[in-house]
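The values are calculated or read from the model by the stated rules, or taken from the named source; none is laboratory data. Here the structure is a predicted model, which means the values were calculated and not measured. Glycine also receives a Cβ, built like all others from the backbone with ideal geometry; neighbour counts cover every protein chain displayed.
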Amino acid sequence: QVQLVESGGGLVQSGGSLRLSCAASGSIFSISAMGWYRQVAGKQRELVARITSAGTKYADSVKGRFIIYTDNAKNTVYLQMNSLKPEDTAVYYCNAIKNFLDYWGQGTQVTVSS
C-alpha cells in the first residue's frame with residue numbers, strides 16, 4: 001500500500017503562485033509514476049502533470065506555468081503553480097502508480113480569485 005498526503009492548497013489571487021506538496025509513505029518501492037490531477041464539481045478528473053523516470057508530462061492548459069518535480073530524499077512530489085488563473089480553481093489530487101495500480105491522496109482545494 002502507498003499512502004499519499006497532500007498539502008499547500010489555499011486561496012490566491014489571479015496571477016499568484018502556490019506550491020502543492022505530496023508526501024508518499026508505505027510501500028513506495030517500485031512506484032513508476034507520480035502526478036497531480038484536478039477535479040471541478042460535476043466534471044471528470046483531469047491530469048495536470050506527471051513525472052516518471054522518462055520525464056514529465058503536462059496538460060496543455062498548464063504548460064509554461066506549472067512545474068512538477070520530486071525530492072527523492074523526502075519521498076515528496078511537488079507542483080509549483082505560477083501565473084494562476086481562475087480556471088485553475090479545483091480540488092487537486094496527488095496520484096501514484098505502482099504495479100499498474102492507482103493510489104490517491106485526499107485532495108487539496110485550490111481557489112484562484114479574479
> Does the range 40-61 hold any residues that are closer than 18 Å to Thr108 by Cα, surrounded by 11 or more Cβ atoms within 10 Å (Cβ to Cβ) and more than 11 Å from the chain's Cα centre (by Cα), and which are they?
Replying inline: Val40, Arg45
> Does Val91 qualify as being modelled with pLDDT of 95 or more and within 13 Å of the chain's Cα centre (by Cα)?
Replying inline: yes
>> Residues to consider are Asp88, Asp102, Asp60; find the one that is farther than 20 Å from Val2 by Cα and in contact with a strand residue (DSSP E or B) (Cβ under 8 Å, 6 or more places away or on another chain).
In response: Asp88
>> Please verify whether Gly35 is small (Gly, Ala, Ser) and either at pLDDT below 95 or part of a loop (DSSP other than H, G, I, E, B) (or both), treating the condition exactly as stated.
In response: no
